[in-house]
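Colleague: Can you keep this structure in mind? I'll have questions shortly.
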Amino acid sequence: MPKNEEFIEIEEQYGAHNYHPLPVVLNRGERIWVWDVEGNKYLDCLSAYSALNQGHCHPRIVEAMCAQARKLALTSRAFRNDTFGPFLKKITGLIGFSRALPMNSGAEAVETAIKAVRKWGYKKKRVPEDKAEIIVCENNFHGRTTTIVGFSTEEQYKDGFGPFTPGFVVVPYGDVEAFRKAVTSNTVAFLVEPIQGEGGVLVPPTGYLAETAAICKENNVLFISDEIQTGLGRTGKLLACQHDGVKPDGVILGKALSGGMYPISAFLANDEVMGVFHPGDHGSTFGGNPLASVIASAALDVIIEERLCEKAQELGEYFMNRLRKMNSPHVDHVRGRGLLIGVVIKESSGDARPFCEKLMEEGILAKETHHTVIRFAPPLVITKEEIDAAMEKIARVLEGKL
């Protein structure tokens with residue numbers, strides 16, 4: 001039987017060292033479970049950073065993918081195909097916008113949104129050329145392109161990659177008055193995560209999104225919600241901004257839009273914003289290809305028909321309550337919404353990484369973020385009984401009983 005170490009050595013020799021994964025090599029997945037090359041079974045509590053809301057290899061999505069792969073995978077946007085239009089109709093109707101522009105990765109969808117709001121600012125709001133400003137938040141994570149990392153406040157993300165794109169104003173996350181003061185006549189958009197996942201599962205104060213959205217409306221500023229990680233059921237609603245009763249001017253989706261089966265993302269907005277694009281302005285060879293369209297359509301059907309939003313709401317509250325009842329000398333507090341949960345480790349207990357390594361030994365795969373937070377985000381198809389079984393192992397690690 002092959003060993004994890006064999007594959008790790010090959011990857012370390014031939015791959016770029018831009019990740020620090022846990023020392024496990026997976027080769028099979030089903031629902032909430034994954035197995036490594038040595039046959040060990042684990043509960044996946046990361047869901048590929050929330051890309052697997054529907055669970056690993058959901059049969060319905062796999063079936064749709066295989067059937068379409070045998071027919072037609074790629075046309076480019078130079079030609080039309082019979083899957084793209086129906087997918088656009090489904091996603092716009094579900095999310096509540098008149099138009100969608102599909103791309104591949106989440107970062108591409110963010111870049112699409114940036115281009116859209118800037119062009120809207122120049123063509124519709126009449127901001128002076130090259131003066132458009134987009135307000136973003138401290139601790140944001142919107143992707144890895146040079147433009148996006150340029151407005152990150154994480155120094156490592158920027159180190160060695162400058163010069164960066166101008167036109168971004170950074171404000172504290174959750175501070176309404178700081179946002180209000182940052183708005184000027186040149187502000188075209190507010191780009192915000194309803195919950196900062198990579199930032200440490202940071203949930204803003206109740207009403208923050210609604211108040212900033214109101215300020216945007218008063219000042220003719222577009223409110224753009226980055227729901228790549230929080231959207232499509234993860235937090236207990238289809239979109240996380242719905243917890244604050246907010247209808248954004250644009251939404252960015254990715255990750256779970258394919259159920260983890262294929263890179264698919266999208267920027268959605270109404271005609272006022274999306275109408276700024278004309279042939280030749282923007283594009284992607286693979287964006288909205290037939291394979292992607294069919295996979296995403298099936299992935300959306302699973303979320304709705306299996307009531308995954310409702311399950312995330314109910315089980316998220318249950319999971320967080322179980323975590324909060326632990327008698328742990330290491331846990332400072334637990335925060336989150338739905339099944340996007342952060343367990344904050346006390347400074348006196350060191351980094352979260354060693355706890356993740358111990359959880360792995362117990363058959364639970366979770367990952368640290370920002371050094372001090374363990375993120376628990378299992379597929380939304382998990383059951384209460386499976387959470388109970390997982391909690392026995394999690395408690396052993398975090399209560400220091402190993």
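The values are calculated or read from the model by the stated rules, or taken from the named source; none is laboratory data. Here the structure is a predicted model, which is why all the values come from computation and not from measurement. Every residue, glycine as well, gets a Cβ built from its backbone with ideal geometry; the counts of neighbours run over all protein chains shown.
Colleague: Hey, can you tell me all the residues within segment 337-386 that are on the phi > 0 side of the Ramachandran plot and in contact with a strand residue (DSSP E or B) (Cβ under 7 Å, 6 or more places away or on another chain)?
Modeller: Across segment 337-386, the qualifying residue is only 363.
Colleague: Then there's this: Determine whether residue 53 is surrounded by 15 or more Cβ atoms within 10 Å (Cβ to Cβ) and either over 20 Å from the mean Cα position of the chain (by Cα) or more than 30 Å from residue 382 (Cβ to Cβ) (or both).
Modeller: Against the criterion (surrounded by 15 or more Cβ atoms within 10 Å (Cβ to Cβ) and either over 20 Å from the mean Cα position of the chain (by Cα) or more than 30 Å from residue 382 (Cβ to Cβ) (or both)), residue 53 does not qualify.
Colleague: Does residue 228 satisfy being surrounded by 23 or more Cβ atoms within 10 Å (Cβ to Cβ), of a type in the set (Val, Ile, Thr), closer than 23 Å to residue 267 by Cα and in the same structural domain as residue 126 (by TED's automatic domain parsing)?
Modeller: yes
Colleague: (1) surrounded by fewer than 20 Cβ atoms within 10 Å (Cβ to Cβ); (2) over 20 Å from the mean Cα position of the chain (by Cα); (3) not in a helix (DSSP H, G or I): which one isn't true of residue 188, the others all being true?
Modeller: Just one mismatch for residue 188, condition (1).
Colleague: Tell me which residues, restricted to segment 125-175, are assigned to a helix (DSSP H, G or I), touching a residue at least 24 places away in the same chain (Cβ under 8 Å) and within 20 Å of residue 227 (Cα to Cα).
Modeller: Once the filter is applied, which keeps residues that are assigned to a helix (DSSP H, G or I), touching a residue at least 24 places away in the same chain (Cβ under 8 Å) and within 20 Å of residue 227 (Cα to Cα), segment 125-175 yields 147, 148.
Colleague: State the number of residues belonging to segment 341-378 that are under 30 Å from residue 39 (Cβ atoms) and buried (at least 19 other Cβ atoms within 10 Å of the Cβ).
Modeller: 18
Colleague: Residues being under 27 Å from residue 60 (Cβ atoms) and in contact (Cβ under 8 Å) with a residue 24 or more places away in the chain: count how many of those fall in segment 228-255.
Modeller: 18
Colleague: Could you please find all residues in segment 361-393 being within 19 Å of residue 50 (Cβ to Cβ) and part of a helix (DSSP H, G or I)?
Modeller: Correct list: 386, 387, 390.
Colleague: Can you find even one residue in segment 210-227 that is of a type outside the set (Gly, Ala, Ser), in contact (Cβ under 8 Å) with a residue 60 or more places away in the chain and touching a Leu at 6+ places or on another chain (Cβ under 7 Å)?
Modeller: Scanning segment 210-227, I find at least one residue that is of a type outside the set (Gly, Ala, Ser), in contact (Cβ under 8 Å) with a residue 60 or more places away in the chain and touching a Leu at 6+ places or on another chain (Cβ under 7 Å), so the answer is yes.
Colleague: Which strands (runs of 3 or more DSSP E) does segment 1-54 wholly contain that include 3 or more residues that are in the same structural domain as residue 370 (by TED's automatic domain parsing), more than 21 Å from residue 342 (Cα to Cα) and out of contact with any Ser or Thr (no Cβ under 6 Å at 6 or more places or on another chain)?
Modeller: Fully inside segment 1-54 and qualifying: 26-30, 33-36.
Colleague: Sticking with this structure for a sec: Please specify each residue of segment 196-221 satisfying the condition of being more than 18 Å from the chain's Cα centre (by Cα) and in a helix (DSSP H, G or I).
Modeller: Once the filter is applied, which keeps residues that are more than 18 Å from the chain's Cα centre (by Cα) and in a helix (DSSP H, G or I), segment 196-221 yields 208, 210, 211, 212, 213, 214, 215, 216, 217, 218.
Residues are listed down the side, and each one gets a yes or a no for (1) under 22 Å from residue 285 (Cβ atoms); (2) aromatic (Phe, Trp, Tyr):
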{"residue": "40", "(1), (2)": "no, no"}
{"residue": "49", "(1), (2)": "no, yes"}
{"residue": "53", "(1), (2)": "no, no"}
{"residue": "63", "(1), (2)": "no, no"}
{"residue": "75", "(1), (2)": "yes, no"}
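Colleague: While we're on this one: Which residue out of 69, 73, 100 is in contact (Cβ under 8 Å) with a residue 12 or more places away in the chain and surrounded by 17 or more Cβ atoms within 10 Å (Cβ to Cβ)?
Modeller: Unique residue meeting the criteria: 100.
Colleague: Against the condition in a loop (DSSP other than H, G, I, E, B) and charged (D, E, K, R), how does residue 351 come out, does it pass?
Modeller: yes
Colleague: Test of understanding: among 133, 138, 155, which residue is acidic (Asp, Glu) and either more than 25 Å from the chain's Cα centre (by Cα) or crowded, with 19+ Cβ neighbours inside 10 Å (or both)?
Modeller: None of the others qualify; the one that does is 133.
Colleague: Are any residues in segment 63-93 among the polar types (S, T, N, Q), part of a helix (DSSP H, G or I) and more than 18 Å from residue 269 (Cβ to Cβ), and if so, which ones?
Modeller: Selection gives 68 alone.
Colleague: If you don't mind, there's one more thing I want to ask. From the list 237, 255, exactly one residue is within 17 Å of the chain's Cα centre (by Cα), surrounded by fewer than 24 Cβ atoms within 10 Å (Cβ to Cβ), within 16 Å of residue 380 (Cβ to Cβ) and not hydrophobic (A, V, I, L, M, F, W, C). Which is it?
Modeller: Matching residue, one of 237, 255: 237.
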